[in-house]
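Colleague: Below you will find the structure I want to go over with you.
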Amino acid sequence: MSFDSNLTLLRTSLTALNAKQMSLSEFCKIWRSQQGLLAALPERYGQVMEDLLGRMEAGSLFTEESCSFSQDDLQTNLSVWLDKATQTLEKHQ
């Protein structure tokens, strides 16, 4: 099964969030709705994704200076997550 459309949706939403064209709550809703994609990946992918999303949500409650979670770093980590998820799915096709 191909998950290209799921991965594209996640990349597009990450780009939109970075450009401030999407709210964090909508972004997290999109990412968390990808249950089929997550089921096709090893369990740790879901755990890591949820950890990153939770940090983004927690960090959004504070100003950048008062929070230990850099939104830019977390978005970069989600981009790396997407790259690794893509590679993992390609290996199993």
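Colleague: What FRET efficiency do you get for K29 and K91 if R0 is 30 Å and r is their Cβ-Cβ distance, rounded to the nearest 0.05?
Modeller: Working: r = 29 Å, r/R0 = 0.96.
Result of the calculation: an efficiency of 0.55.
Colleague: Before rounding to the nearest 500, sum -39500 (n - 2.57) across all DSSP H runs of length at least 4 in the chain and divide by the residue total; then give [θ] at 222 nm in deg cm²/dmol. Before the final figure, lay out the partial values.
Modeller: On the way: 5 runs with 68 residues, N = 93.
Result for the chain, helices only: -23500 deg cm²/dmol.
Colleague: Just the projected area, averaged over all directions, of the convex hull on the alpha carbon atoms of the stretch 4-91: how many nm²? Walk me through the intermediate numbers first.
Modeller: On the way: hull surface 21.4 nm².
Orientation-averaged projected area of the Cα hull: 5.4 nm².
Colleague: Calculate the dipole size of the chain relative to its Cα centre from +1 charges on Lys and Arg beta carbons and -1 charges on Asp and Glu beta carbons; express the result in debye to the nearest 20.
Modeller: Values: 8 positive and 12 negative charges, 54 e Å.
Using only the charged Cβ atoms, the result is roughly 260 debye.
Where a number appears in this text, it was derived from the coordinates with a stated rule and is not lab data. Values in this document were obtained by computation on a predicted structure and should not be read as measured data. FYI the Cβ positions are ideal-geometry reconstructions off the backbone, even for glycines, and counts take in every protein chain you see.
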